[in-house]
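To keep things clear, I will list the structure first and then write my remarks on it.
Every number in this text was worked out from the coordinates using simple rules, so none of it is lab data. Everything numeric in this text was worked out from a predicted model, so none of it was measured. A quick note on method: Cβ atoms are made from the backbone with ideal geometry, for glycine too, and the neighbour counts reach across all protein chains shown.
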Amino acid sequence: MIDKKAVLNEVFDWLECIVLALAAVLIFLTFGVRGTRVDGSSMMPTLENRQVLVLQRAFFAVDRNDIVVIQANEMKNEWGENGKPIIKRVIGVPGDTLDIDFEHGLITRNGKQLDVIAEGGFLYEDGHAINELTWNQLDFRGEVTVPEGCYFVMGDNRNRSLDSRDSSVGFVDNHYVIGKVLLRFLPISKIGTVD
C-alpha cells in the first residue's frame with residue numbers, strides 16, 4: 001500500500017527544490033549577469049554593431065580601460081525616453097585629471113600622455129585598439145578632473161562616439177553603470193573575452 005503522506009512529502013520536496021532553483025537562476029540573471037547587444041559603431045574596432053555581450057551586473061569594480069554599459073540619462077532610448085544604455089571604455093576614474101590635445105589627437109591622464117602605437121594595421125592607445133586618434137572635440141573644453149564617484153568614458157571609435165566629451169553624457173555617476181563587459185557571446189566566431 002502506498003503511503004500518501006510520504007508521496008506528498010516527496011512531491012513537496014521536489015517542488016521546493018525546483019522553486020528554489022528557479023529563484024536562484026532569476027536572482028543570478030537579475031543581479032549577476034545580463035546579456036546586451038551592441039548598437040552602433042562607437043566601439044569599433046573592439047566591438048561591432050549587433051554583437052551580443054555578457055555583462056557582470058554585481059560585485060565588480062570599475063577600472064581604467066574597462067568596457068562598461070552605462071545609462072546615459074540625457075540620451076533617448078528606443079522608446080523615446082531618457083536613459084539610453086550605451087557601451088563605452090573607461091578612460092578616467094575618480095581623481096584622474098584628463099586633457100585632450102585635439103591638434104595631435106592625444107590624451108593626457110594625470111600629466112602623462114597615453115601611449116599610442118601602430119601595430120598590425122590598428123592603433124593601440126593605452127593597450128587597446130582604437131579606430132583613429134581623437135580629433136573630435138564635441139563639448140570638451142579643456143583639462144578636467146573626474147569627480148568622486150564618477151567616470152570619464154569614451155568610445156574606441158573616437159571620432160564617431162558620443163561620450164564624456166559631450167554634455168549629453170558627461171561624467172558618468174557610478175550609480176548609472178549598468179554592468180561591466182565580461183565577454184562577447186555572439187557571433188560565435190568571436191566568442192571570448194573583450195580587451
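What length, rounded to one decimal in nm, is gained on full extension from Phe60 through to Asn110, with 0.36 nm per residue of separation minus their alpha-carbon distance? Don't jump to the answer; show the numbers that get you there.
Details: separation 50, 0.36 × 50 = 18.00 nm, distance 2.42 nm.
That works out to 15.6 nm of additional length.
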>> Suppose a student asked you for the relative contact order of the chain, using Cα pairs under 8 Å spaced at least 6 residues apart; what percent would you report?
In response: 24
> Along the charge dipole of the chain, which of Phe102, Phe122, Thr145 sits closest to the positive end, that is, farthest toward it, with unit charges on the beta carbon of Lys, Arg, Asp and Glu (+1, +1, -1, -1)?
Replying inline: Phe122
> At Asp173 and Val19, where each label point lies 7 Å from the Cα along Cα→Cβ, what is the point-to-point distance in nanometres?
Replying inline: 3.8
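So for the chain, what percent of the C-alpha to C-alpha distances run longer than 29 Å?
Working: 6043 of 18915 pairs.
Percent of Cα pairs beyond 29 Å in the chain: 32.
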> With point charges of +1 on the Cβ of Lys and Arg and -1 on the Cβ of Asp and Glu, referenced to the Cα centre of the chain, which listed residue (Ile188, Val7, Ala72) lies farthest in the positive direction of the dipole?
Replying inline: Val7
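What is the diffusion coefficient of segment 153-195 in µm²/s, taking the Kirkwood radius over Cα pairs and the Stokes-Einstein relation at 20 °C with a viscosity of 1.002 mPa s?
On the way: Rh = 12.4 Å.
Value of D from the Cα-based Kirkwood radius: 172 µm²/s.
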> In debye, nearest 20: dipole of segment 4-193 around its Cα centre with unit charges on the Cβ of K, R (+) and D, E (-)?
Replying inline: 760
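Using helices alone, what [θ] at 222 nm do you get for the chain, with -39,500 (n - 2.57) per DSSP H run of 4 or more residues, divided over all residues and rounded to the nearest 500? Mind dumping the intermediate values first?
Working: 1 runs with 24 residues, N = 195.
When only DSSP H runs of four or more count, the value is -4500 deg cm²/dmol.
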>> Just want the answer: with Cβ charges of +1 for Lys and Arg and -1 for Asp and Glu, which residue in Gly35, Phe171, Asn136 is farthest toward the dipole's positive end in the chain?
In response: Gly35
>> Taking every alpha carbon pair in segment 88-195, what does the distance histogram look like in 10 angstrom bins from 0, in percent?
In response: 14, 44, 33, 9, 0
> With axes computed from alpha carbons, what is the tilt in degrees of helix 4-27 against the longest principal axis of the chain, rounded to the nearest 10 within 0 to 90?
Replying inline: 0
